[in-house]
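The values are calculated or read from the model by the stated rules, or taken from the named source; none is laboratory data. Predicted model, so just to flag it, every value in this text is computed and none were measured. Cβ coordinates were reconstructed from backbone atoms using ideal geometry, including for glycine residues, and neighbour counts include every protein chain displayed.
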Amino acid sequence: MLTHKFIDYLQYSIDKKFTPVHGDAQIIRGIPNYPHGLKMPDETRVYFGHHKTDKPLVIMSGMAMHNIRQLIPEQEFIDQVLTDGGKISRLDMTMDIYVSDNFIRTEDFMAWYWEDKIISSHVINGEDRCEPSIIAKLNDEDIRFETVSFGDIPNRAKKGMVRVYDKGIEINLEQFMITRVEVEDKRDKAHVSAKRVVQHNVAPTLKTRFDVLDDLYQEAIDAPSIDISRGQAIPNEDTEKRNSRWAWLIETVAPTLGKAIAEDEKLGIDANKILFEDMMFRAYNDRMSTN
């Protein structure tokens, strides 16, 4: 099973002398409680001016974390933040599951929820059971769950949440090609999780916040994490989607397609290959004919 486990969002406050500010930073609009902001070349944002503290707030979204990983393992980076006295207030742990024979879909998580196999305070907290929030799409055959959210959604700002969604749709791929599990920790839980990530890495820490009593999910959690992204991320949404799409096509689709063609050829079948090539060139010609 091909998976990638990583930190997709990091937010922390830290003493000014440890704040990652560079001379070529760009001035940006502030956020609530922090009226002044700067954006670094690596997409890290730093906010200043809170009336109760002189510690800046550092926010690293997915692109900034991607850029950091090109320079230093994220465990080492978070360890340095903690060593410098940083207080983590948000941490998003992410697992991307790529298509394979044992692919996990969003529907599987709903089935596990109904079977009481999910272990998480976002699902059952004491005697309270939180119903998941679902975004579904009806196609020609059946209903597909695009997003399933677990947790106290109205109090997400304080308690965090868990989202499982079809990442393929987000980067303009077909459905059920990439399933993303995203565990969002806030406040004290985020700080504790950050310490655990430093000690044990992402997968074991994610498992402490969201686990499933099913062999398929355990296989995903235990599978090696393979980062198929390389190089400095470009702060352009279209470029990011295009790079993600090509990375998936090269690393996953090409080997799978080659195997399928070889199996057909052994059986003397060429109809599927011909149909695939026809659809590919039809899509190519349609795209080239548009402005």
* Asked: Within region 15-56, restricting attention to residues that are of a type in the set (Val, Ile, Thr) and closer than 21 Å to ARG69 by Cα, which residue is surrounded by the fewest Cβ atoms within 10 Å (Cβ to Cβ)?
  -> VAL21
* Asked: Does region 186-232 hold any residues that are outside any helix (DSSP H, G or I), over 14 Å from LYS5 (Cα atoms) and in contact with a Lys or Arg (Cβ under 6 Å, 6 or more places away or on another chain), and which are they?
  -> LYS186, VAL212, LEU213, ASP214
* Asked: Has region 168-185 got any residue that is of a type in the set (Ser, Thr, Tyr), modelled with pLDDT under 90 and either assigned to a strand (DSSP E or B) or not assigned by TED's automatic domain parsing to the domain that holds ASP108 (or both)?
  -> no
* To do: Restricting attention to region 186-226, report how many residues are at pLDDT 95 or above and touching a His at 6+ places or on another chain (Cβ under 6 Å).
  => 0
* Asked: Which number in (1) loosely packed, with under 14 Cβ neighbours inside 10 Å; (2) at pLDDT 95 or above; (3) not aromatic (Phe, Trp, Tyr) marks the one condition that ASP140 misses?
  -> (2)
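Listed here are the residues, each with its yes/no results for (1) closer than 15 Å to VAL164 by Cβ; (2) under 15 Å from the mean Cα position of the chain (by Cα).
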{"residue": "ALA64", "(1), (2)": "no, yes"}
{"residue": "GLN70", "(1), (2)": "no, no"}
{"residue": "PRO73", "(1), (2)": "no, no"}
{"residue": "GLN80", "(1), (2)": "no, no"}
{"residue": "THR83", "(1), (2)": "no, no"}
{"residue": "LEU91", "(1), (2)": "no, yes"}
{"residue": "ASP96", "(1), (2)": "yes, yes"}
{"residue": "ASP101", "(1), (2)": "no, no"}
{"residue": "ASP108", "(1), (2)": "yes, no"}
* Run THR239 past the list (1) under 30 Å from GLU184 (Cα atoms); (2) among the hydroxyl-bearing types (Ser, Thr, Tyr); (3) modelled with pLDDT of 70 or more and report the number of the one that doesn't hold. => (3)
* Positions within region 175-208 being farther than 17 Å from SER149 by Cα, among the β-branched types (Val, Ile, Thr) and in contact (Cβ under 8 Å) with a residue 24 or more places away in the chain, in sequence order -> VAL197, VAL198, VAL202, THR205
* In region 60-76, is there at least one residue being without any contact (Cβ under 8 Å) to a residue 40 or more places away in the chain and either closer than 17 Å to HIS191 by Cα or in a strand (DSSP E or B) (or both)? -> yes
